[in-house]
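Participant: I have a structure here, written as structure tokens, and I will follow up with some questions on it.
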Amino acid sequence: MTDDLTKKIVSWATEIGSSAAELPSKQARDAYLAERHQELVAGALADGAAQRDAMVLADACVDAARRIMTELLAHRAGEPKGRA
């Protein structure tokens, strides 16, 4: 993977993860991530990538987006509050 492609994946993952974190439910977030995955595969194929490479690219991006989204949601939720 080239440095340029790596930077694109990080950028896409950040954008996708941030957008997903704004959605109101797990179901909406999962649907959004699935839609972005399909778009990434289609875009990579349109740019001449092989099917397998397009899937690997989309998987890497959406996996990273999911981790970013999870961290954003955890941060937004704050530290768990214990009972006194």
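The values are calculated or read from the model by the stated rules, or taken from the named source; none is laboratory data. Being a predicted model, the structure only gives us computed values, none of them experimental. We place every Cβ from the backbone using ideal geometry, glycine too, and count neighbours over all the protein chains shown. Side chains included, ligands, DNA and RNA excluded: accessible areas come from the protein's heavy atoms. Shrake-Rupley method; radii C 1.70, N 1.55, O 1.52, S 1.80 Å.
Participant: What whole-number distance in Å separates the alpha-carbon centres of the range 3-49 and the range 55-78?
Facilitator: 9 Å
Participant: Something else now. Using Cα pairs closer than 8 Å and at least 6 residues apart in sequence, work out the relative contact order for the chain, in percent.
Facilitator: Once divided by the residue count of the chain, the mean separation gives 41 percent.
Participant: While we're looking at this one, here's another question. By how many nm would the segment from A31 to D63 lengthen if fully extended, with 0.36 nm per residue of separation less the alpha-carbon distance?
Facilitator: 10.1 nm
Participant: Under 1.5 on a/c is rounded, so check that first for the chain, then, if it is not, pick prolate when a/b is larger than b/c and oblate when it is not; a ≥ b ≥ c are the square roots of the alpha carbon gyration tensor eigenvalues.
Facilitator: On the way: a/c = 3.44, a/b = 2.16, b/c = 1.59.
Prolate, because a/c is 1.5 or more and a/b exceeds b/c.
Participant: At a 1.4 Å probe radius, carbon and sulfur cover how many percent of the accessible area of the chain?
Facilitator: The value for the chain is 55 percent carbon and sulfur by accessible area.
Participant: Just subtract the alpha-carbon distance of A49 and S19 from 0.36 nm times their residue separation and send over the number in nm, one decimal.
Facilitator: 8.2 nm
Participant: Same structure, new question: Helix by helix through the chain, keep the DSSP H runs that span 15 Å or more along the axis on Cα and average at least 0.0 on Kyte-Doolittle, and give those back in order.
Facilitator: Qualifying helices, which must be both long enough and hydrophobic enough, are 51-77.
Participant: For A42 and V10, calculate 0.36 nm times their separation in residues minus their Cα-Cα distance, and state this gained length in nm to one decimal. It would help to have the intermediate numbers written out before the result.
Facilitator: Details: separation 32, 0.36 × 32 = 11.52 nm, distance 1.84 nm.
Between A42 and V10, full extension yields an extra 9.7 nm.
Participant: At 7 Å along the Cα-to-beta-carbon direction for both T2 and H75, put a label point, then send me their distance in nm to one decimal.
Facilitator: 3.0 nm
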